[in-house]
Amino acid sequence: MTGNAVKTVLVAPTAFKGTLGPTAVTGAMSAGVTAVWPTVRVVERPLSDGGNGLLEACRRVLGGTLVRHEVCGPLGEPVRARLLQAGERAVIESAEACGLHLIPPTRRAPLLATTRGVGELLRIAVEAGASQIVLGLGGSGTVDGGTGMARALGWRFEDEVGAPLAEGGGSLTELHRVHPPARPLGASVTALCDVENPLLGAEGAARVYGPQKGAGPLEVERLEAGLASLAQALEAQLGLQVAGLPGAGAAGGLGAGARAFLEAELASGAEWMIEQTGLRELLASADLVVTGEGRFDVQSGMGKLTGRVVTIARAAGVPVLLVCARVDGPVPDGVRAAHSDGRLLDEEGLTRLTRDACRGLAQQDRL
C-alpha cells in the first residue's frame, strides 16, 4: 500500500477498557493516520457493543443530549448516572448505574448488589418522552437477574410468607412469588448484549461472571440457585422461558431481566452498532480500516465488536490495521496488527503507535 493509494481511512475502534473511551481512542488513532497521510480523508466511527462507551458512540450517530441523574447505585448509595436523550429515543448504559467500576474492590458484594438504578433510569427516560430505549448490557457489578431494575418499575418479589425479598441476587433462593406492576413501562426496549451466555449452567451468569464480581465458590453456587429460582418462577407464573436464552446471562442476568420485565428484544450489540453507524456502507469508499481495542484475543473473534469489524472489512476486500494494547494469539489472515506489549496507552502513546504502524504500511506497499 503506497501513500498515494490511500484516500479514505475508516477509523472505527472501541474503548480501551480502564484507560480510554471510544471517542478518545478514535481521535488518537486519527491523529496517527494523518501524521503519515496528511491529505487523507478520515471517517471516524467510535464504537461500543453495549458496554463501556455506548453513550459516546450513540451520541455520534444519534445526536441528542447527555443528561446526568442521581439514581441508586449497585450498593444502594446514590450515584450520578448519564443517559442519552435524543427525541423519542433514549440510550442507557447500564454500567452507569450498576457498573463494577462503581464498587471498590474491598466492598464488592455480589449477593447484595442491585440493578435498581437501571430501572430508575428507564423510568426517567420514559417520563422525559422516550418511546424507544436502547439499553446497553455490560460492565455490571451485579448478579441479580435484573430484579432490582424491575423493582424500580413496580415489580414485586416475595418469599413464601409474602414478605418482600431483599435487594440483590443472594435473596433469590427464597423467591416464591413474582407480581407484575399495574402498568407496563410504556416504551419499546432493545437490549444490547456483548455476550451470548445463557442465564444458567456452566456458561451462565453466576458461574462465568460471578467470580469477576467478587463471588467466592459458595457465593457462586448461591447466585446460581437464586437465578434458577427466578427462571422457574417466571416460567411457572408468567409463562416466560429465559433460562437458555442467548444473552440472558449478560450483565449478571440483566439480559434475562430485560426480556422478562421489559419485553425487550435481546440483540447483538456488535451487529446493532455496525448497522447504526453504517459501517458496511462506509466500507465501499474506504481504502483502509483502522480498528482496535485494549486486548484482542480469541474471544474477540467470537462475535465481539472488533472481531466483527475485521470480518466485514475483509469480506469487503478492505485492508485492516488492528491497533491494540495487547494481542494474544494469532490475528486473522491479511490483517496487520500493532500493539504495545500490554503497556497502558495514553492518547499520545496511541497516536504514536498508530502513526508508526501506518508508516510501516506506506513503506511496505502492502498489508
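The values are calculated or read from the model by the stated rules, or taken from the named source; none is laboratory data. The structure presented is a predicted model; accordingly, all values stated were derived computationally and were not measured. Cβ placement follows ideal geometry from the backbone for every residue including glycine, while neighbour counts extend to all protein chains displayed.
Kindly indicate whether any position in region 152-168 is touching a helix residue (DSSP H, G or I) at 6+ places or on another chain (Cβ under 7 Å), basic (Lys, Arg) and modelled with pLDDT of 95 or more.
Taking every residue of region 152-168 in turn, none turns out to be touching a helix residue (DSSP H, G or I) at 6+ places or on another chain (Cβ under 7 Å), basic (Lys, Arg) and modelled with pLDDT of 95 or more.
Could you say which residue among 75, 66 is assigned by TED's automatic domain parsing to the domain that holds residue 167 and assigned to a strand (DSSP E or B)?
So the residue among 75, 66 that is assigned by TED's automatic domain parsing to the domain that holds residue 167 and assigned to a strand (DSSP E or B) is 66.
When you scan region 216-247, how many residues do you find that are touching an Asp or Glu at 6+ places or on another chain (Cβ under 9 Å), free of Cβ contacts under 8 Å to residues at least 60 places away in the same chain and under 23 Å from residue 95 (Cα atoms)?
3
Within region 87-124, restricting attention to residues that are within 17 Å of the chain's Cα centre (by Cα) and in a loop (DSSP other than H, G, I, E, B), which residue is nearest to residue 174 (Cα to Cα)?
The selected residue is 115.
Do we find that residue 192 is surrounded by 20 or more Cβ atoms within 10 Å (Cβ to Cβ) and either basic (Lys, Arg) or touching a Phe, Trp or Tyr at 6+ places or on another chain (Cβ under 7 Å) (or both) in this structure?
yes
Filter region 56-75 for residues that are touching an Asp or Glu at 6+ places or on another chain (Cβ under 7 Å) and in contact (Cβ under 8 Å) with a residue 60 or more places away in the chain and give the result.
Correct list: 72 only.
Here are some conditions: (1) acidic (Asp, Glu); (2) touching a residue at least 60 places away in the same chain (Cβ under 8 Å); (3) under 20 Å from residue 16 (Cα atoms). Residue 328 meets all but one. Which one does it not meet?
Checking residue 328 against (1) acidic (Asp, Glu); (2) touching a residue at least 60 places away in the same chain (Cβ under 8 Å); (3) under 20 Å from residue 16 (Cα atoms), the one that fails is (2).
Which of (1) farther than 18 Å from residue 267 by Cα; (2) part of a strand (DSSP E or B); (3) in contact (Cβ under 8 Å) with a residue 60 or more places away in the chain does residue 81 not meet, given it meets every other one?
(3)
Could you list all residues from region 78-100 that are exposed (fewer than 14 other Cβ atoms within 10 Å of the Cβ) and either at negative phi or not assigned by TED's automatic domain parsing to the domain that holds residue 209 (or both)?
Hits for region 78-100 are 78, 80, 88.
Within the group 27, 18, which residue is outside any strand (DSSP E or B), assigned by TED's automatic domain parsing to the domain that holds residue 342, touching a residue at least 40 places away in the same chain (Cβ under 8 Å) and under 29 Å from residue 148 (Cβ atoms)?
The unique qualifying residue is 18.
Could you tell me whether residue 336 is closer than 20 Å to residue 16 by Cβ, of a type outside the set (A, V, I, L, M, F, W, C) and in a helix (DSSP H, G or I)?
So residue 336 fails the test.
When you look at residue 275, is it within 12 Å of residue 191 (Cβ to Cβ), surrounded by fewer than 22 Cβ atoms within 10 Å (Cβ to Cβ) and not aliphatic (A, V, I, L, M), yes or no?
When the stated conditions are applied, residue 275 does not pass them.
What do you reckon, is residue 145 surrounded by 22 or more Cβ atoms within 10 Å (Cβ to Cβ) and farther than 29 Å from residue 274 by Cβ?
no
Just to be sure before I move on: is residue 39 over 23 Å from residue 307 (Cα atoms) and either part of a strand (DSSP E or B) or not assigned by TED's automatic domain parsing to the domain that holds residue 222 (or both) in the structure I sent?
Considered against the rule, which asks whether it is over 23 Å from residue 307 (Cα atoms) and either part of a strand (DSSP E or B) or not assigned by TED's automatic domain parsing to the domain that holds residue 222 (or both), residue 39 comes out as yes.
For region 124-164, how many residues are without any contact (Cβ under 8 Å) to a residue 40 or more places away in the chain and either under 20 Å from residue 81 (Cα atoms) or of a type in the set (Phe, Trp, Tyr) (or both)?
Final tally of qualifying residues: 3.
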